[in-house]
């Protein structure tokens with residue numbers, strides 16, 4: 001196959017589209033270098049917590065968390081999960097996949113189980129949020145917490161907070177009539193340790209005893 005003539009290659013170099021692409025690439029590299037080199041310092045005399053991230057102005061938010069009313073100023077792009085963990089120090093709610101697929105971040109919002117990694121905190125303004133920290137009353141464990149311990153419903157324990165919050169909803173919503181029903185309801189909560197049969201046993205025991213959850 002014959003090679004392109006050198007004059008053809010020169011013509012390509014002076015083609016307007018080729019020049020535009022070269023200019024775009026040069027500008028992209030230049031701006032990338034500036035963004036890396038430029039320090040992002042807050043303005044003098046301002047509270048770092050009040051400095052907007054990017055172009056987002058912080059907003060005021062009111063939530064009732066585990067029975068206590070909280071007033072916060074947050075970035076509107078923060079998820080409920082991040083506000084619970086980073087702003088309120090409630091680390092019981094776990095960040096697993098961060099895509100709503102593992103259930104580790106499950107909480108209750110106005111009594112309904114909710115994946116806190118998939119909802120913006122500002123969308124829950126004025127609502128009641130319950131986390132795993134709300135289950136035990138002082139040193140007295142919740143019936144499901146006791147059942148999980150009795151039946152070895154956890155190993156590493158990372159998924160357990162989300163499992164517990166879903167288990168509470170499972171019983172409250174009348175979805176614990178059989179092992180199959182429990183498995184179906186709890187299918188959104190993943191356990192890498194494979195404690196599923198034990199979790200089902202724990203839920204069924206609490207349901208059979210008629211204990212208040």
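Please treat every number below as a calculation from the coordinates, not as lab data. Just so we're clear, the structure is a prediction, and the values are computed from it rather than from any experiment. Note that we place each Cβ from the backbone using ideal geometry, even for glycine, and neighbour counts take in every protein chain shown.
Quick check on the exposure proxy: order 127, 71, 113, 85 from fewest to most C-beta atoms within 10 angstrom. Intermediate results must be reported in sequence, preceding the final value.
Working: 127 16, 71 8, 113 22, 85 19.
In order of increasing Cβ crowding within 10 Å: 71, 127, 85, 113.
Annotation: the residues 166, 134, 187, 116, sorted from fewest to most other C-beta atoms within 10 Å of their own C-beta, follow the order 187, 134, 166, 116.
Normalised by 2.2 N^0.38 Å, where N counts its residues, the alpha-carbon radius of gyration of segment 143-208 equals 0.94.
Using C-alpha pairs below 8 Å separated by at least 6 residues, the relative contact order for segment 55-134 is 36 percent. Along its first, second and third principal axes, ordered by size, segment 51-180 spans 50, 28, 26 Å in Cα coordinates.
Going by neighbour counts of Cβ atoms within 10 Å, the residues 185, 158 line up, fewest first, as 158, 185.
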